[in-house]
Amino acid sequence: VRITIQGTPGLTLLECARRAVSGEPAAHLSAPCGGRGRCGKCRVRVLGSDLGPDTKLGARKTGRGSGASAGASCLEPPGPEETAFLSSHDLSAGIRLSCRAAFRTAGTVTVELYEERISAFSAELAAFLHPADRTASGPAGPLGIAVDIGTTTVVAVLLDTGTGTPLGSVSEANRQRSWGADVISRIEAAGKDPEALCAMSGLITGQLRGMMKTLFAQAGAASDLLHRIWVCGNTTMLHLFTGCDPSGLGTLPFRPAFLGPRTLSAREFGFPVPDRCTIELLPGLSAFVGADTVAGILATGLHEAREPELLVDIGTNGEIVLATEGGIAATATAAGPAFEGAHVACGSPGVPGAVDHAGLDRDGFWFTTIDGAPASGICGSGLLDILAALRVSGTLEASGRLACADGPDGMPRFYLSEGRELFVTQRDIRQLQLAKGAVAAGIRLLCEKEGVPLEAIRRVHLAGGFGTYMNPVSAVAVGLLPTELAGKIRAAGNTALRGVVRAALSADAASRCAEFASRARVLSLASEPGFQDAFMESMLFPDDETVRSLVPAGRPGNIPQ
Ligand code: FES
């Protein structure tokens, strides 16, 4: 994807892209750390630039794809903050960090974006929507729209609520991503500057307006048949959607302005719909267990479980729900962004070229990449498999020590291939230990508090993108999920979307959500005295014998050192 950014001297590519210029919509660059210059992941490739007519140099144009020189006339040269993240090879290819590359003079710069795999659930969505079931005669109405506002991806489905038939669907990257990849960055930005809150709120409502237009065009239906819009999302996303200050979610005691359920007028959001059309927000359970998790409970039927079941959704936060005959209990744990590729040397989101799976076989260590593209980074599922393979081979000790030769930073480093482009460092291992320790400790403590032994859990539903792509055997082998859960884990896909669709189609699903949400017990790990001990213990990897019993195909000793 290519975009052209109109620049103001002194502002960065990211800052200029965030602003709508002369009626043109703002561009939506990805800025995982919110533009603080810490993650090095807001890479764009500068293709060319066009100086503004007012510059004294005149309207000299640079050609497309001329590497480091492309855009040089408009942009300041890369400073130390950029060169800390970019190799000379990157720089000569015209790669810049959008949050650091500042305009030297007015003009426009055209950049190429590295698009994430936003249609991660497209296959699932297609199967789930059963297009063959569509009525030949068009919608009978009334129509409803189910929306899942994810921090990364926004998905909307148009439904004929009379027949229960899906009529269309659309999935896009959340446009708020230029304010940070995670909820904390967006909460901080909104708390510091009311204009940022306004901008983020406007971005998501504008995005939904566009998505609704696409849905009606897909279905050949008129928007005046629209009756209701059902929305789920985490607590921060629903605050930002409704223009509510989310600052209370960022500091102790983590108090939301609302948890819902709420009914709002769709017209007040500027949606081109009839006056009677309402927006129904599903309820959340706490600041960090939101309406997306409530929708997930509905989708997996956890609220009706007769035997203990777990729902686990691992992103920057890990949301964990335990269902028993006694009702729903839930907690959230700060897993951090390591499994999403941030703060990991060669970490990457799930883009083509990211290493997504790895393992050991008779020929030694192997890995695959998304779409079979040349390897460019390692995404969460790949990191998990690499850790498991390193544990099986004995290259990674149970303590987390990496038994490899030192890299240029003087710390042990495992190279994935002889070319040495991709590697995992000792520091990465520590980051991943923190992430997996937090999730495993959260699961153990929630079950302990509810008096449910892990052995008694009948099924574990792994929700979300990471849950869909990760290998459950690797997840247990590295201790992200406790060993007692081995063999009970199944990928559950986008449970939030399935749940909100169910809410839209069922007359009583919403009231059932409100009912079980109001009775749910929420465990706050921050104030739980046993959490620190459980966390420290869960940071260790399972012992050698356990790992080899879980991954029998692995053979020690065939990892390159
Ligand atoms: S370094 Fe630019 S967004 Fe993180």
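The values are calculated or read from the model by the stated rules, or taken from the named source; none is laboratory data. Keep in mind the model is a prediction, meaning the values are calculated, not measured. Note that we place each Cβ from the backbone using ideal geometry, even for glycine, and neighbour counts take in every protein chain shown. Surface accessibility is based on the protein's heavy atoms, side chains included, excluding ligands, DNA and RNA. Shrake-Rupley method; radii C 1.70, N 1.55, O 1.52, S 1.80 Å.
Quick look at the numbers
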read-out: Condition check for residue 393: crowded, with 19+ Cβ neighbours inside 10 Å and at pLDDT below 95; value: yes
read-out: Filtered residue count, the range 477-495, keeping only those that are open to solvent by 10 Å² or more (accessible area, probe 1.4 Å) and among the aliphatic types (A, V, I, L, M); value: 3
read-out: Selection within the range 59-77 - modelled with pLDDT of 80 or more, crowded, with 20+ Cβ neighbours inside 10 Å and assigned to a loop (DSSP other than H, G, I, E, B); value: 74
read-out: Filtered residue count, the range 360-382, keeping only those that are at pLDDT 90 or above, open to solvent by 10 Å² or more (accessible area, probe 1.4 Å) and not in a loop (DSSP other than H, G, I, E, B); value: 6
read-out: Given (1) surrounded by fewer than 22 Cβ atoms within 10 Å (Cβ to Cβ); (2) within 22 Å of the chain's Cα centre (by Cα); (3) closer than 28 Å to residue 505 by Cβ, number of the condition residue 232 does not satisfy; value: (1)
read-out: Any chance residue 420 is among the basic types (Lys, Arg) and outside any loop (DSSP other than H, G, I, E, B); value: no
read-out: Close pairs from the range 304-324: first in a strand (DSSP E or B), partner basic (Lys, Arg) and open to solvent by 10 Å² or more (accessible area, probe 1.4 Å), Cβ under 7 Å, at least 6 apart; value: 309/458; 309/459
read-out: Sole residue being modelled with pLDDT of 60 or more, more than 16 Å from the ligand (Cβ to nearest atom) and more than 14 Å from residue 6 (Cβ to Cβ), chosen from 100, 104; value: 104
read-out: Qualifying positions in the range 1-58 - more than 11 Å from the ligand (Cβ to nearest atom), at pLDDT 85 or above and assigned to a loop (DSSP other than H, G, I, E, B); value: 8, 9, 10, 11
read-out: Number of the condition not met by residue 512 [criteria: (1) within 26 Å of the chain's Cα centre (by Cα); (2) closer than 30 Å to residue 164 by Cβ; (3) part of a helix (DSSP H, G or I); (4) not polar (S, T, N, Q)]; value: (1)
read-out: Residue in the range 267-277 that is surrounded by 22 or more Cβ atoms within 10 Å (Cβ to Cβ) and at pLDDT 95 or above present; value: yes
read-out: Matching entry among 191, 150 (being touching a helix residue (DSSP H, G or I) at 6+ places or on another chain (Cβ under 9 Å) and buried (at least 19 other Cβ atoms within 10 Å of the Cβ)); value: 150
